[in-house]
Structure formats: structure tokens, C-alpha cells
Amino acid sequence: MLLSNMDYKCGNVSDVSPQENISSCEEIEENYQIHTEHDDFLTVTFSTKSGGFRTLLDTHTGKIGSTQIYKGQISTKIIELKFDLISPEHCSEITSRNKCNNGENPIHVANDITQKPIHISWDGWSDSLSGIAYYYLEIFKLEPNTPHELTELEPLKPIHQFKTNKTSSINFPTYYPPETGMYSILLQVTDKASNSKIARRLVLYDNDSSITLTKHAFNPNMSIDVSDVKIGDGGMHVITAIPETGYMWQSSNNDTKTRIVLNWENHFVNRIYDQDKLFNRVL
């Protein structure tokens, strides 16, 4: 659809003021009011004419006569600018025109809790107008911020990067994390007009952590202050016992069954998970 038609003429060249060498021309439209939308295009046609002029001289009188304009050749070049304002889409999105057929994933890892290297893949991405330009992958080790929420504290410093402009037969990356932690995997999909969309997955990698006791084993020969014994402080307690005895003695009525309830809240701990806040909220 034709939106507008505007003509411009370079004022620094003309038939009587030709350029002998390379000529440059810059035109600025101060009142450009055309609203461009997705899938619009703008066609710019450049035309240049060769030639020049000559001025006749009357050799008898020495007077300058008429000016004659050469009829030059016209050369035309057409450039078409296309407008793509929509980011790539994945087939799982509600607005996508392409629907997933085989469970395609925006980004996929085989296991989100693993002791093995992280195998990463993706499929189902498309861009109907300009097409996919490249895929860019970043991996971060998440760290707790001041409120102890996990996030990418240094978003400009990924610990691993991968980029490919292939849209099929991709050699998908495998990442070997250096240590136990919660890892964020970001896949940026960019079309040829530089519109982008990002998909994210979280992976808990752990190949060396262990579970230990919060407190040392109880020594029956050690005296304790029963007022310091609290449920959930990391000890193991028979909570049906008498609190005033440090939960070490329990009584029952004669000829009645005795119910013994054991509490081990906070008794076991994975210190890496606890110190690095690996189970905290992820921003």
C-alpha cells in the first residue's frame, strides 16, 4: 500500500554545476509524519544523470554566447527498507501461528537437578518476516542478593557463552559447571531486524555436596542446660518427653500405651545448599 510519495533533489549539483568526481547528497526531512507498522516497507529510488554543459564563445567578437546542455544518461538504483517490529516467537506461545507438533521446547535441559554435565537444546522458534538471525546462550551461577534471593548479580559477566547463526542442524552445547550451585541458562533468539526474545531455565548442579549433622552427636557424659534445648535448633528430640528435662525423660500413666514422637527438624544439613541459599526464591 502506498503511504506517501515524496521527491527530493540534491541542490549541490545541476546541469550547469556538475560534479567531476564523486558527489555526496544528504537530505533531511523535517516533517516526516508517516507512521510505520510491522510488515510495512519503504522504497527509496535514487536517480542520477550524467552530462554537463558548454558555453559558446564568439571568436570574432570575444563575447560569450549561449549555453548548451549535454543530454546525459540516467542511472537508477532502488532500495527497499522493510520494517519488522515483532520478536521471534515460539510455537508454544498462545499467539503463535505455528503450533508445536513434537513437544518442542524454547530451551531444554535433560535434567534440572543433576550430577552430570548440562546438555542444552532448543527448537520450535520462528520469525515469519525477517527470519532468525542467531541464537545466543549465556550461563550464570546464581548468587544471593541482600534479601537472600538468587539472581544474576553480574548480568554482563556470564561464566559461559555460546552463539550460532545456524537455524537447523545445530551443534548444541554441553556445559560442565565448575562447582555445585544453581545455574541460570538464558537463550536469546534474535531475528534479522534485531528483535529479541529470551527463554530461561534453572539447573541445580551438584556432584560433590554431602549431608552432615547440624550439631555434634550427643555425649551422655556431658552436662547440659535444659533451658537451652529447643525444638528445631538442630538437635534430635523426643517431643512427647518432658521439656523441663531437656526432652530426655518421658512418663506415662500405668497400664496405658506410650506414644513416642521423634522430631529431627534442622538436624541434618547440606552446608553448601545452606550457605549458598540454593533453595531460596529466584528472581
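Observations on the structure shown:
- Which listed pairs, of Lys99/Lys192; Lys157/Lys192; Lys77/Lys163, have C-alpha distances above 32 Å, in listed order: Lys77/Lys163
- Of all stretches in the chain that contain no trypsin sites (Lys or Arg not before Pro) in a DSSP loop with at most 10 other Cβ atoms within 10 Å, the longest one is 167-256.
- Count Lys and Arg as plus one, Asp and Glu as minus one, and take only other residues whose Cβ is under 9 Å from that of Thr180; the net charge is then -4.
- Computed from label points 7 Å out along Cα-Cβ, the spacing between Cys10 and Ser169 is 4.5 nm.
- Near Pro18, once Lys and Arg are set to +1 and Asp and Glu to -1 for all other residues with Cβ below 12 Å from its Cβ, the sum equals 0.
- Modelled label positions at Cys25 and Arg281, each set 7 Å beyond Cα in the direction of Cβ, lie 6.2 nm from each other.
- Helix-only [θ]222 nm of the chain, DSSP H runs n ≥ 4, -39500 (n - 2.57) each, per residue, nearest 500: -500 deg cm²/dmol
Taken together, the values in this text are just the output of simple stated rules run on the coordinates, not laboratory data. Everything quoted here is computed from the prediction, not taken from an experiment. Virtual Cβ from ideal backbone geometry, glycine too; neighbours counted across all protein chains shown.
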